[in-house]
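Note sheet for the following structure.
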Amino acid sequence: MLSAFARAFQTPDLRKKLLFTLGIMVLFRLGSHIPMPGVNFTAVHECVKETKNNGLFGLVNLFSGGALLQLTIFALGIMPYITASIILQLLTVVIPRLEMLKKEGQAGQAKITQYTRYLTIALAVLQGTGIVATASSGALFSGCPLANQIVPDTSVFRIAVMVITMTAGTTVIMWLGELITDRGIGNGMSLLIFTSIAAQFPTNMWAIKQSGTIGGGWVEFLSVIAVGVIVVMLVIFVEQAQRRIPVQYAKRMIGRRAFGGTSTYIPLKVNQAGVIPVIFASSLLYIPALVVQLTNSQAGWAVWIKQNFVKGDHPIYMATYFLLIVFFAFFYVAISFNPEEVADNMKKYGGFIPGIRAGRPTAEYLNYVLTRITWPGSLYLGLIALIPMIALVAFGQQTNFPFGGTSVLIVVGVGLETVKQIESQLQQRNYEGFLR
């Protein structure tokens, strides 16, 4: 990986793209520290130190690089765009118009991207209004004595300015991501998410060292690093794992020329769903606690939710979280990969799996293989997502544990994809193999 970056910096046009990408990332991090107008930054700073928010706000805070709980202009981060992309991807299976656009190639994908931008702005307004209302009521930092002083002026004009500022911040982030995609090394949105998560690693690691009790905290610090290396190696191994289904294309005679006769394969990844099941499960699992927090109910069901679904180290919470991740992994794979469509396309172009008849038997075989490899992939996602909760029991450091759950999955996945893009661009500029 380091050799790929070194060779990229030696290539003039790639060096410009890398420096441009790094400049956008620095600009993105600067915006994550600019306070939003109308916010008492001193009260926010004190509440951040006194409270630890690990629910849905903690998830959004992760994707915003810590900007949400600081209430900066980039407080929403890239989360509205992620939500909009997931919604459009799910609606593609349901709405025939979107499915037709997806099949139209680049022109149709450009139209879907435009719809994603519009939905992102709408979700940013909705989420920004909710966060500002939560901060104004003091519920954003429950347990902090200064929580009610975070937004001193709760007039309609001031609230509207704050919501507009957060929405504009999300729009700017979306524009920065597209700049990286067009003029940088590509994969812009994912790189901004990578920047947000990786920026919190040094702070979280140092917090673990300061809160440690064995050997001045160095034993906990080194233990977390050792666990992190093992987790990263496991994630890389599983993310690269795939089942390759061989496909043979029969020869076809068109006039006097023969076409086809080639062999290829269908790569089915073990973790076909990526990090989306973890996001779905985290969001859904926080809804009961959010309802109790907003209603302030003292009924029996509310007390039971407070006892079992608020703390991440509770066995019921951990079991439910694990089962939801497994369920959403199968659900997302089922809607994102259509064996019948793949089998029809193979039959249309004269392709077949050796030993399997074309048509319905091929679809049934693909569905069988996909189900078998989704089981280990879903269990792997569930175990990786439980690492921060296990760390809470072992070290008392759920919020500051950097090597687990969504963070490592995204950082490793984006890192591998970025290295592949750099290597592919290097291969396009290196013709030594053809000249020899």
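Can you pull out every residue in the stretch 336-364 that is of a type in the set (Val, Ile, Thr) and in contact (Cβ under 8 Å) with a residue 12 or more places away in the chain? Scanning the stretch 336-364 gives 342, 353, 362. Screening 427, 421 for residues that are at pLDDT below 85, touching a Gly at 6+ places or on another chain (Cβ under 7 Å), part of a helix (DSSP H, G or I) and surrounded by fewer than 20 Cβ atoms within 10 Å (Cβ to Cβ) leaves exactly one candidate, 421. Scanning the stretch 72-108 for residues that are assigned to a helix (DSSP H, G or I), open to solvent by 70 Å² or more (accessible area, probe 1.4 Å) and over 22 Å from residue 334 (Cβ atoms) turns up 106, 107. Take the conditions (1) under 16 Å from residue 37 (Cβ atoms); (2) without any contact (Cβ under 8 Å) to a residue 12 or more places away in the chain; (3) within 21 Å of the chain's Cα centre (by Cα); residue 166 misses just one of them, which is (2).
The residues of the stretch 209-221 that are in contact with a Lys or Arg (Cβ under 9 Å, 6 or more places away or on another chain) and closer than 17 Å to residue 390 by Cα, listed by number, are 220, 221. Among the numbered conditions (1) in contact with a helix residue (DSSP H, G or I) (Cβ under 7 Å, 6 or more places away or on another chain); (2) closer than 30 Å to residue 94 by Cα; (3) surrounded by fewer than 16 Cβ atoms within 10 Å (Cβ to Cβ), the only one that residue 326 does not meet is (3). Exactly one residue out of 195, 203, 181 is within 20 Å of the chain's Cα centre (by Cα) and open to solvent by 60 Å² or more (accessible area, probe 1.4 Å): that is 181.
Let's see how each residue does on (1) of a type outside the set (Asp, Glu); (2) surrounded by 14 or more Cβ atoms within 10 Å (Cβ to Cβ); (3) over 26 Å from residue 117 (Cβ atoms); (4) at pLDDT 85 or above:
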{"site": "12", "(1), (2), (3), (4)": "yes, no, yes, no"}
{"site": "17", "(1), (2), (3), (4)": "yes, yes, no, yes"}
{"site": "31", "(1), (2), (3), (4)": "yes, yes, no, yes"}
{"site": "51", "(1), (2), (3), (4)": "yes, yes, yes, no"}
{"site": "61", "(1), (2), (3), (4)": "yes, yes, no, no"}
{"site": "68", "(1), (2), (3), (4)": "yes, yes, no, no"}
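One residue alone among 197, 185, 236, 225 is assigned to a loop (DSSP other than H, G, I, E, B), in contact (Cβ under 8 Å) with a residue 12 or more places away in the chain, closer than 26 Å to residue 271 by Cβ and among the β-branched types (Val, Ile, Thr), and that residue is 185. With respect to being open to solvent by 60 Å² or more (accessible area, probe 1.4 Å) and in contact with a Ser or Thr (Cβ under 8 Å, 6 or more places away or on another chain), residue 120 falls outside the description. Screening residue 57 with (1) more than 17 Å from residue 201 (Cα to Cα); (2) modelled with pLDDT of 70 or more; (3) open to solvent by 20 Å² or more (accessible area, probe 1.4 Å) gives one miss only, at (2).
The values are calculated or read from the model by the stated rules, or taken from the named source; none is laboratory data. A quick note: this is a predicted structure, and the numbers were derived from the prediction, not measured. A quick note on method: Cβ atoms are made from the backbone with ideal geometry, for glycine too, and the neighbour counts reach across all protein chains shown. The area values use the complete protein model at the heavy-atom level, side chains included, leaving out ligands, DNA and RNA. Shrake-Rupley method; radii C 1.70, N 1.55, O 1.52, S 1.80 Å.
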